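Below: one structure, written as structure tokens.
Taken together, the values in this text are just the output of simple stated rules run on the coordinates, not laboratory data. All figures in this text were calculated on a predicted structure; none of them were measured in a lab. For neighbour counting, all protein chains shown are included, and Cβ atoms are generated from backbone atoms with ideal geometry for every residue, glycine included.
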Amino acid sequence: MADVPAQPAQTAPASASPPTTPIVFVKYYEKGSTDISADQIAVALAARGWRARSIPVRELPALRDGIAIFIKTSRLDHLLRAKARGNRLVLDVHDTVVFKRHIKNRWLYDALIFKNRRQLADFGRRGRLDRIIYHQWDARYGPNRAPSDRLSIGFLGEPRSFALWGQIPGVECIPSSDWFAQAPRFNCHLSVRQPGRDFLYKPNLKVSTAAVCEAVLITTRDESAVELLGEDYPFYCGTTREEILAAIERARAAFGQEPWVEALRRLRQVRELTHLDRVLDRYEDLFRDLTPAAEEQL
């Protein structure tokens, strides 16, 4: 597995009492990305003692002298007014750079949160507090309950993200409405990122989901997969039907054998790296870097 990306130096020990700075995660819409990047993180930070909550953008004017983390998008007038009220501004880039060539209004942000090294390398700003914070795995997943004597493969995604949806024999394709209910049936997950910006910038959720499900992942050699699993992970595949079928046969032949065991070992490391507690530690580092004066009062 690749080394954990370097993080800015922590300004206070993680065990220190959190500052009183109010923190809001700002949502312009409700969907899966705001659930995992805003709602889950805000609730967990509040449980650690931070004054954190997730809000719709209409509630942003009430924030004073706080930290506002915008999820994926923003409006210039909202940023300028929030800045004028003494707030520090952060953007969770998420997968925005898959669809857009630049990050709008980035000059106004005190920090940008990226999801892999390639995002940071291509869009990070020298001398700023920009950093990588991985997506945590969703606690609604758990270890699979698939048969222990044979391969059971699922693609957890959406038809728009997989051109071969329903066309790979032996692979069940599960849409978002059924992910949590159906995931326990699979001891192997498939992830296929297409060449281009998906390959470069898509975040790590498919890797961390396989990890928490204790399922081997057959995946393209995209940037997030290689960053977390290493160059020599045993079950990489190409993007064509023939390449995917060949990788499935390799996994079938290796079931329970050394390559299979090694893949699960790497995914256990990913499970630890993308555990919510580890992710929260990174958020706490960021907040303390953004509010060094508050630490002097602890």
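Is there a quick way to get the dipole size of region 32-104? I mean about its Cα centre, with the Cβ of Lys and Arg at +1 and of Asp and Glu at -1; what is the value in debye to the nearest 20?
Values: 14 positive and 7 negative charges, 68 e Å.
That gives a dipole near 320 debye.
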Fill in the blank from the handout: Farthest towards the positive end of the dipole of the chain, among A181, I41, H275 and with Cβ unit charges of +1 on Lys and Arg and -1 on Asp and Glu, lies the Cα of I41
Practice task
Loop sites only, by DSSP: take the GluC sites (Glu not before Pro) in the chain that have at most 15 other C-beta atoms within 10 Å and name the longest stretch containing none of them.
Solution key: 31-230
Completion exercise
Most fluctuating of L76, L200, L45 in the GNM of the chain (C-alpha, under 10 Å) is L76
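So for region 19-152, averaging the separation of alpha carbon pairs under 8 Å that are six or more residues apart and normalising by length, what relative contact order in percent results?
Numbers: 207 pairs, mean separation 25.5, N = 134.
Relative contact order comes out at 19 percent.
Taking Cα pairs under 8 Å and at least six residues apart, what relative contact order does the chain come out at, in percent? Don't jump to the answer; show the numbers that get you there.
Values: 536 pairs, mean separation 55.8, N = 298.
With pairs under 8 Å counted, the relative contact order is 19 percent.
For region 153-273, what's the relative contact order in percent, using C-alpha pairs closer than 8 Å and at least 6 residues apart? Walk me through the numbers on the way to the answer.
Details: 167 pairs, mean separation 28.0, N = 121.
Taking the mean separation of contacting Cα pairs over the length of region 153-273, I get 23 percent.
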Practice task
Count neighbours as other Cβ atoms within 10 Å of each site's Cβ, and list the trypsin sites (Lys or Arg not before Pro) in region 71-172 that are DSSP loop with at most 15 such neighbours.
Solution key: R75, R85, K100, R101, K104, R125, R126, R128, R140, R145, R150
Practice task
Can you grab the distance from the C-alpha centre of region 37-61 to the C-alpha centre of region 107-147, Å, no decimals?
Solution key: 18
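Can you bin region 153-273 into rounded, prolate or oblate? Criterion: square roots of the alpha carbon gyration tensor eigenvalues sorted a ≥ b ≥ c, rounded for a/c under 1.5, prolate for a/b above b/c, oblate for the rest. Kindly include the intermediate steps, with their values, before the conclusion.
On the way: a/c = 1.18, a/b = 1.14, b/c = 1.04.
Note, shape of region 153-273 comes out rounded.
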Handout entry: Prolate/oblate/rounded call for the chain, Cα gyration tensor, a/c under 1.5 rounded
Key = prolate
Problem - Lys, Arg +1 and Asp, Glu -1 on Cβ, resulting dipole of region 153-273 about Cα centre, debye, nearest 20 - result: 160
Handout entry: Furthest towards positive pole of dipole, L200, I153, A263, structure part region 153-273, Cβ charges
Key = I153
Fill in the blank from the handout: Summing -39500 (n - 2.57) over every DSSP H run of at least 4 residues in the chain and dividing by its residue count gives a helix-only mean residue ellipticity at 222 nm, to the nearest 500 deg cm²/dmol, of -9500 deg cm²/dmol
Handout entry: Candidates Q167, Q119, Q194: whichever shows maximal mean-square fluctuation once the chain is modelled as a Gaussian network with Cα springs under 10 Å
Key = Q167
Completion exercise
If every Lys and Arg gets +1 and every Asp and Glu gets -1 at its Cβ, then about the Cα centre the chain yields a dipole, in debye to the nearest 20, of 980
